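Structure first, then comments.
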Amino acid sequence: MIRIVRLGSSRAPDEGLRLGTVRRPPRGVPKADYARRDFYDVWVPDLAPSPALFSWIKSRPLTDANWRTYARRYRAEMRQPLAQRLIALLAALSAGTNFSVGCYCEDESRCHRSLLREFLVDAGANVS
């Protein structure tokens, strides 16, 4: 089963491996401490928004219109072959193991991880 989490939050007892679907590692945290401080065990930036898209959304107020544009652009990025293969892999793995995917954003409803949840469910993943 896949859990969708906020990186840096406390781990659930049966959460398993935590994947960081972010473009950049946590600031000011030594690499050796990423897992210990509940950020992530494995970094998977290929499921994060592109640097250009991330910069675009961070440079604007997070209005409904801007969120819709961001979501449309992120969905287009995730239709690329590499992202599709990763999503299919995670969906297949979710049938036999527990793990989580996450991002730093506080509000999941305005974060790419809410969209990533949709992609995983559409790919047949077992998502909590």
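If you wrap region 56-106's Cα atoms in a convex hull and average its projection over all directions, what's the area in nm²? Write down the numbers at each step before the final one.
On the way: hull surface 19.0 nm².
For the Cα atoms of region 56-106, the hull's average projected area reads 4.7 nm².
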Next item on the list: Given the options Trp43, Trp67, Trp56, state which has the largest fluctuation in a GNM of the chain using a 10 Å cut-off (strictly under) for Cα springs.
Entry: Trp56
Check: Considering the chain as a Gaussian network with a 10 Å cut-off on Cα pairs, which listed residue, Leu93, Leu47, Leu62, attains the greatest mean-square fluctuation?
Finding: Leu62
Next item on the list: Using only C-alpha atoms and all pairs of different ones, pull out the Kirkwood radius for the chain in Å with one decimal.
Entry: 14.9 Å
Check: Amide H to amide H, which residues 5 or more places from Arg18 or on other chains are under 5 Å from it, using H placed in the peptide plane?
Finding: Asp41, Val42, Ser100
Notebook entry, point to check: Residue by residue through region 16-29, which ³J(HN,Hα) values in whole Hz follow from phi under the Karplus form 6.51 cos²θ - 1.76 cosθ + 1.60 (θ = phi - 60°), with glycine and proline marked x?
Noted result: x, 4, 10, 9, x, 9, 10, 6, 10, x, x, 6, x, 10
Next item on the list: Could you tell me which Cys residues in the chain have no other cysteine's Cβ under 4.7 Å from their own Cβ, answering none if every one has a partner?
Entry: Cys103
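Determine the dipole magnitude for region 1-61: charges of +1 sit on the beta-carbon of Lys and Arg, -1 on that of Asp and Glu, nothing else is charged, the reference point is the Cα centre, and the result goes in debye to the nearest 20. Provide the component values of the computation, followed by the final result.
On the way: 12 positive and 6 negative charges, 68 e Å.
Using only the charged Cβ atoms, the result is roughly 320 debye.
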Next item on the list: Name the residue, out of Val44, Val29, Val101, whose mean-square fluctuation peaks in a Gaussian network model built on the chain with Cα pairs under 10 Å.
Entry: Val29
Next item on the list: For the chain, report the accessible area per residue in Å² (1.4 Å probe, heavy atoms, rounded to an integer).
Entry: 55 Å²
Check: So if R0 is 35 Å, what FRET efficiency would Arg73 and Leu93 give, r being the distance between their Cβ atoms, rounded to the nearest 0.05?
Finding: 0.85
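The values are calculated or read from the model by the stated rules, or taken from the named source; none is laboratory data. Since this is a predicted model, take the numbers as computed values, not measurements. Virtual Cβ from ideal backbone geometry, glycine too; neighbours counted across all protein chains shown. Each accessible area value is taken on the protein alone, full model and side chains, heavy atoms only, with ligands, DNA and RNA left out. Shrake-Rupley method; radii C 1.70, N 1.55, O 1.52, S 1.80 Å.
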